[in-house]
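All of the numbers you see were taken from the coordinates with simple rules; none came from a lab. Every value quoted in this text rests on a predicted model; they were computed, and no experiment measured them. Every residue, glycine as well, gets a Cβ built from its backbone with ideal geometry; the counts of neighbours run over all protein chains shown.
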Ligand SMILES: [Zn+2]
């Protein structure tokens with residue numbers, strides 16, 4: 001991962017930390033990280049011609065205090081060559097990083113196109129983490 005790709009993910013981490021529900025931090029212990037961020041090859045499982053970001057999620061086998069099967073680990077990533085192919089600018093690619101990080105935190109897709117968890121980007125790019133995204137995150141982490 002090059003420095004601009006790292007900066008993209010740091011920015012996504014800052015956005016999610018900024019809503020004051022989770023506190024994500026970097027570890028040097030990749031193997032034991034809860035969320036692993038990596039570039040994804042275009043021939044990976046689940047990747048089709050239109051895939052730009054991807055998340056592989058593993059959940060706990062028992063419910064947490066909020067009654068949910070909490071996130072155990074996640075591998076998230078962007079396909080750099082796809083972002084180039086679709087001519088995505090930084091804002092688009094950042095939306096994808098924030099969106100995939102949302103999956104890593106346990107969020108599913110939203111049906112509201114303003115939410116960052118809506119499964120497609122708007123054109124022009126306007127999606128941000130919304131109150132709805134934050135409320136779902138609070139609900140999942142029992143921080144209401
Ligand atoms: Zn998604």
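The long axis of helix 3-17 is offset from the longest Cα principal axis of the chain by roughly 30 degrees. All Cα-Cα separations within region 89-128 were binned at 10 Å from zero, giving a P(r) of 35, 58, 7, each value a whole percent of the pairs. Between 0 and 90 degrees, the angle of helix 90-104 with respect to the longest Cα principal axis of the chain falls at about 30 degrees. Comparing Cα centroids, region 4-75 and region 101-144 end up 14 angstrom apart. Each Cα pair under 8 Å and six or more residues apart adds its sequence gap; the mean of these over the residue count of the chain is a relative contact order of 23 percent. Given their separation in residues at 0.36 nm each and the Cα-Cα distance between them, residue 26 and residue 144 gain 39.9 nm when the chain is fully extended. Shape of region 45-144 from the C-alpha gyration tensor: oblate (a/c of 1.5 or more and a/b not above b/c, with a ≥ b ≥ c the square roots of its eigenvalues).
Taking label positions 7 Å along the Cα-Cβ direction at both residue 84 and residue 128, the computed distance is 3.2 nm, reported to one decimal. Extension gain, residue 19 to residue 69, is 15.8 nm, computed as 0.36 nm per intervening residue step minus the present C-alpha separation. Annotation: extensible slack from residue 1 through residue 60 equals 18.4 nm (criterion: 0.36 nm per residue apart, minus Cα-Cα distance). Taking the DSSP beta bridges with both ends in region 33-94, the antiparallel portion is around 60 percent. Under the simplified labelling scheme, the residue 91-residue 44 pair shows an inter-label distance of 2.7 nm, with each label point 7 Å from Cα along Cα→Cβ. Summary of packing: across the peptides 23-29, 83-89, 58-64, the per-residue average of other C-beta atoms within 10 Å ranks them, highest first, as 83-89, 58-64, 23-29. Of all DSSP-defined beta bridges confined to region 22-127, some 60% are antiparallel rather than parallel.
Give the angle, between 0 and 90 degrees and rounded to the nearest 10, that separates the Cα long axis of helix 131-140 from the longest principal axis of the Cα atoms of the chain. Roughly 50 degrees between the two axes.
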